[in-house]
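The values are calculated or read from the model by the stated rules, or taken from the named source; none is laboratory data. These figures come from a predicted structure and were not determined experimentally. All Cβ positions, glycine included, derive from the backbone under ideal geometry; neighbour counts span all protein chains shown.
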Amino acid sequence: MTIRHRVARIGITGLSIAFLTAGCASTSDRRDNARLVPIGAGIQGPAGLRATVYAKGLPDVATFAYDAEGGLWAAAAGLSNHRYDGVYLISKPGARPRRVISGLDDPLGLLWYEGRLYVSSVGRVSVYSHFNGRSFTRHEILIRGPVKGGENNNLVLAPDGRLLMGITATCDHCLPKSKYSGSIVSFRSDGSDLRVYAARIRAPFGLAFKPGTSDLFVTMNQRDDLGDRTTGDALAIVSPGTNWKFPACYAQGGPACAGVPRPIALLDKHAAVGSVAILTGQLGRATASTALVAEWQAAKVQRVTFTKAGGGYTGSVSPWLTGLQHPLALIVTRTSSVLIGDWGTGTIYRIAPAPS
């Protein structure tokens, strides 16, 4: 289930019930969780790390981006209650987030590129420029849609200078009418030349390139109607031109998935996977080939340790952080740490190596 659809269907008051069913841990999960230790700020994680509170007071924090000067920007997406929706600037650690852009419906993607801030939200992609310290003096809508009322997810800059964006399918297990619904799209920085980069993915949310490569890591939310029959949400490498055959294929293999790439890793069932961040050793040698995945519904951050295998990757999954309510946003900082935005509490946590 995608995050927006989960809240819309069961409502905020029903989250505790859904959480008890969809987030139940298996025996192996409990064993892996037992290896985590308190690392500060009420968070459990691997020994050798330290968690601190970076900022508070941003309800519904959904995604992050850094500008060229190192300023941290965050978007808030209420999913069912849009009171706090918008884009915020956090001027320094401990500062209260200040809303700079309002009037958006579930902004889930942020990207600074060539001095302009790109924002993806429901039914549009906007760009803002000429920030004067308080507001942007220029704003335009680059793309309307491309799916009317469609959930536009994370944005990422590709090595060729084009922008990529995930779009959630408008239905859970039927074939959408629009070719853009349930896809990753590619477009130029001026919004032109919109193309389907990869087709028929139910809900591609988090997008991140492995640094120095053209390998695109994508988190995928799978169908809801399958119940316990689902293989689980997934982390996959998505190449241009691939077709993932939603709704028939959901990583179960067999004829329905003929020709579909295998995911790097299968994650928790109905986890509502969010952002993905790629580590190349920022938190120690053990994180040299690591993807971190936020699981909104399962209330944890997963670690996927990946290795090159032929023309692709294989990965092993283990819990990395617990003690969160609904983690959604992730970003690797410029100071060898990671920020996690807990949508459920409005708290942004910083994870860094513990002082020796």
| Given V260, V276, which one is within 19 Å of the chain's Cα centre (by Cα), under 19 Å from Y197 (Cα atoms) and either assigned to a loop (DSSP other than H, G, I, E, B) or modelled with pLDDT of 95 or more (or both)? | V276
| Tabulated pairs, region 203-221, first of a type in the set (A, V, I, L, M), second buried (at least 24 other Cβ atoms within 10 Å of the Cβ) and not in a strand (DSSP E or B), C-beta under 6 angstrom, 6+ apart or interchain | A203/T2; A203/T168; A203/N221; M220/I201
| request: Quick one: in region 146-189, of everything that is surrounded by fewer than 21 Cβ atoms within 10 Å (Cβ to Cβ) and among the acidic types (D, E), which residue is farthest from the chain's Cα centre (by Cα)? | output: D160
| request: Report yes if S289 is surrounded by fewer than 24 Cβ atoms within 10 Å (Cβ to Cβ), touching a helix residue (DSSP H, G or I) at 6+ places or on another chain (Cβ under 7 Å) and closer than 20 Å to P263 by Cα, otherwise no. | output: no
| request: Filter region 165-202 for residues that are without any contact (Cβ under 8 Å) to a residue 40 or more places away in the chain, part of a strand (DSSP E or B) and of a type outside the set (K, R) and give the result. | output: I167, S183, V185, V196
| note | When (1) without any contact (Cβ under 8 Å) to a residue 40 or more places away in the chain; (2) under 28 Å from S186 (Cα atoms) are applied to G241, the one that fails is (1)
| Which residue out of L89, L79, L110, L104 is under 29 Å from S181 (Cα atoms) and in a strand (DSSP E or B)? | L110
| message | Return the pair list, or none, for Cβ contacts closer than 6 Å from residues in region 114-127 that are within 19 Å of G206 (Cα to Cα) to residues that are at pLDDT below 95, at least 6 apart or on different chains. | response | G123/G149
| Regarding A51, is this residue at pLDDT 95 or above, part of a strand (DSSP E or B) and closer than 30 Å to R124 by Cβ? | no
| task | Would you tally the residues in region 32-51 being surrounded by 15 or more Cβ atoms within 10 Å (Cβ to Cβ) and touching a residue at least 40 places away in the same chain (Cβ under 8 Å)? | result | 11
